[in-house]
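Visitor: Here's a structure for you.
Every number in this text was worked out from the coordinates using simple rules, so none of it is lab data. No experiment lies behind these values; they were computed from the predicted model shown. All Cβ positions, even for glycine, are placed from backbone atoms using ideal geometry, and neighbour counts span all protein chains on display.
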Amino acid sequence: MDEQALRAAICAHGRSLFARGFSVGSAGNISARLPDGVLITPTNSCLGRLEPERISRLDRAWRHVSGDPPSKEVFMHRAFLEARPEAGAVVHLHSTHATAIACLAAPGETAPIPPLTPYFVMRVGRTLPVVPYFRPGDPAMEPAIAGAARGGAKAVLLANHGPVVCGRTLDEAVHAAEELEEAARLALLLRGAGARTLTPGQVEELLATFGG
Ligand code: 13P
């Protein structure tokens, strides 16, 4: 996808996420890798009203080169994009149910959402580490997230803050963020109800068949 198409796709995904309540106000940010840098949504922008030409462009050294000033969460995006070279995009949301789990789970947990459905396992993978709380924009979150990403995580929950998800493409990252939110919603709906989860064998079959 060329840069103009990628800018348009970021805006379209932002609009869609916002319209469905996955993001409110100016919460959330989206980044996508370019051959010579990164596109990232501007700080304080509303995902529902992004404009392609105002998206921030960073160079390979993560310096702001054009567009509006970048998200203050550049560090969380850099953590995934540098630790996982195959990742092409990162999505951070404050989506309600994933954030609720991020408030319930203990930092250090690696599976705060049980494997209830195949698509959660297929899109998010085997682990979802809970990273300790950091103030939004705190660069100290970068090594914590990068450590989880290097350990194999495609997504993390930031304690008391929300999910960060990567994907090979922008579509993949957005789809995984959506599956994570829905899995969190199911986990909360079914809390204490003794719901059946997928077995370890079923989880491994999914990862072997669809990647993980
Ligand atoms: P930005 O507006 O700087 O992207 O920050 C929004 C956000 O989601 C903070 O976690």
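Visitor: Stick to Cα atoms and the Kirkwood definition of Rh, then tell me Rg/Rh for the stretch 68-132.
Guide: 0.98
Visitor: Then there's this: If you take the square roots of the eigenvalues of the alpha-carbon gyration tensor of the stretch 9-62 and sort them as a ≥ b ≥ c, do you get rounded (a/c under 1.5), prolate (a/b over b/c) or oblate?
Guide: prolate
Visitor: Order the peptides 105-118, 23-36, 79-92 from the highest to the lowest mean number of other Cβ atoms within 10 Å of their residues.
Guide: 79-92, 23-36, 105-118
Visitor: Give, in nm to one decimal, the length gained when the segment between TYR119 and TYR133 is fully stretched (0.36 nm per residue of separation minus the Cα-Cα distance).
Guide: 2.3 nm
Visitor: Can you compute the modelled spin-label distance between ASP2 and ASP59, with each label point 7 Å from Cα toward Cβ, in nm?
Guide: That separation, rounded to one decimal, is 2.3 nm.
Visitor: Percent of Cα-Cα pairs per 10 Å bin, from 0 to the last occupied bin, for the stretch 94-195, please list those.
Guide: Bin by bin from 0 Å, the calculated values are 17, 52, 27, 3.
Visitor: Please give the FRET efficiency for ALA193 paired with ALA100, using the beta carbon to beta carbon distance and R0 = 25 Å, rounded to the nearest 0.05.
Guide: Efficiency, rounded to the nearest 0.05: 0.95.
Visitor: Another question, if that's okay. Return a whole-number percent for the relative contact order of the chain, with Cα pairs under 8 Å and 6 or more residues apart as the contact set.
Guide: Worked out over the chain, it gives 21 percent.
Visitor: Multiply the residue separation of ARG126 and SER26 by 0.36 nm, subtract the distance between their alpha-carbon atoms, and state the gained length in nm to one decimal.
Guide: 33.0 nm
Visitor: About the Cα centre, and with charges only on the beta carbon of Lys, Arg (+1) and Asp, Glu (-1), how big is the dipole of the chain? Nearest 20 debye, please.
Guide: It comes to approximately 280 debye.
Visitor: Here's another thing I want to ask about it. Report, in cubic angstrom per residue, the convex hull volume of the C-alpha atoms of the chain.
Guide: 107
Visitor: Here's something else I'd like to know. As a footprinting exposure proxy, order CYS166, CYS103, CYS11, CYS46 by other Cβ within 10 Å, with the fewest listed first.
Guide: Ranking CYS166, CYS103, CYS11, CYS46 by Cβ neighbours within 10 Å, fewest first, gives CYS103, CYS46, CYS11, CYS166.
Visitor: So, one more: Would you calculate, for the chain, the mean residue ellipticity at 222 nm contributed by helices, counting each DSSP H stretch of 4 or more residues as -39,500 (n - 2.57) and dividing by all residues, to the nearest 500?
Guide: -12500 deg cm²/dmol
Visitor: With θ taken as phi - 60° and the coefficients 6.51, -1.76 and 1.60, list the Karplus ³J(HN,Hα) couplings across the stretch 59-74 in order, rounded to whole Hz; mark glycine and proline as x.
Guide: 8, 4, 8, 6, 8, 6, 10, 6, x, 5, x, x, 3, 5, 9, 3
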